[in-house]
Every structure is written in C-alpha cells, then in structure tokens.
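Visitor: Pasting a structure below so you can have a look.
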Amino acid sequence: MRTFFVNSFERVVGVIVVLMGIAIVVAAFAALTQPQGGVLPFLAILAGGFVYLVLMAGFVYLQIGIHANTKRAADAAEAVLARRAV
C-alpha cells in the first residue's frame, strides 16, 4: 500500500511540474503582451520561473530518491540478517 502512495505521489509531481512549466510560459507571454511589459519582464519570468521550477522539482525528486534508496538499504540489511540467522 505504501508503494502505491509513493508511486502515485511521483506521478502527481510529474503532472504538476508539466503544468507549472506551461503556466510559466503562459505568464511570460502575458507579460510580453502587456503595455507595461516587454522583453525584459518576459525573460525575467521565464528565467526565474524555470529556475524555481527546477529547484522545487529537484528537491521533491531528491526526497523520493532518498525514500527509494532507504527502502533498498533496509531490504538489503534484512536479507543479510536473514542469511545470518539461518
């Protein structure tokens, strides 16, 4: 059951990352078309948005990876202890 939630969370994070990428592009083009906007706000929103997206998604995927590696280490430790007990 725990694996289901972790895998589902990973899929949800992937969908959110894609939606955030689309939102960043839409917001940048919206800034480009505004009278007070222009190329500089367009580039600032694109650069800042994608840096933020990479950092946040990276941290989330890092935590998912830590969870997976911890599970693998625990399974390996249990296997070693099971061999010693026999």
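The values are calculated or read from the model by the stated rules, or taken from the named source; none is laboratory data. Predicted, not measured: the structure shown is a model, and the values here were computed from it. Positions of Cβ are generated from backbone atoms using ideal geometry, with glycine treated the same way; all protein chains shown enter the neighbour counts.
Visitor: Let me confirm something: among Phe59, Phe4, Phe50, which residue is of a type outside the set (Ser, Thr, Tyr) and surrounded by 14 or more Cβ atoms within 10 Å (Cβ to Cβ)?
Guide: So the residue among Phe59, Phe4, Phe50 that is of a type outside the set (Ser, Thr, Tyr) and surrounded by 14 or more Cβ atoms within 10 Å (Cβ to Cβ) is Phe50.
Visitor: Same structure, new question: When residues of region 15-48 are filtered for being β-branched (Val, Ile, Thr) and under 22 Å from Tyr61 (Cβ atoms), how many remain?
Guide: 7
Visitor: Among the residues of region 71-80, write down those that are under 21 Å from Arg2 (Cβ atoms) and among the hydrophobic types (A, V, I, L, M, F, W, C).
Guide: Ala73, Ala74, Ala76, Ala77, Ala79
Visitor: Being closer than 22 Å to Ala68 by Cα, in a helix (DSSP H, G or I) and either without any contact (Cβ under 8 Å) to a residue 12 or more places away in the chain or over 23 Å from the mean Cα position of the chain (by Cα) (or both) narrows it down to one residue among Val12, Val6, Val18, Val26; which is it?
Guide: Val12
Visitor: Next question. Condition first: at pLDDT 95 or above, under 20 Å from the mean Cα position of the chain (by Cα) and hydrophobic (A, V, I, L, M, F, W, C). Can you find one or more residues in region 38-45 that meet it?
Guide: Within region 38-45, one or more residues are at pLDDT 95 or above, under 20 Å from the mean Cα position of the chain (by Cα) and hydrophobic (A, V, I, L, M, F, W, C).
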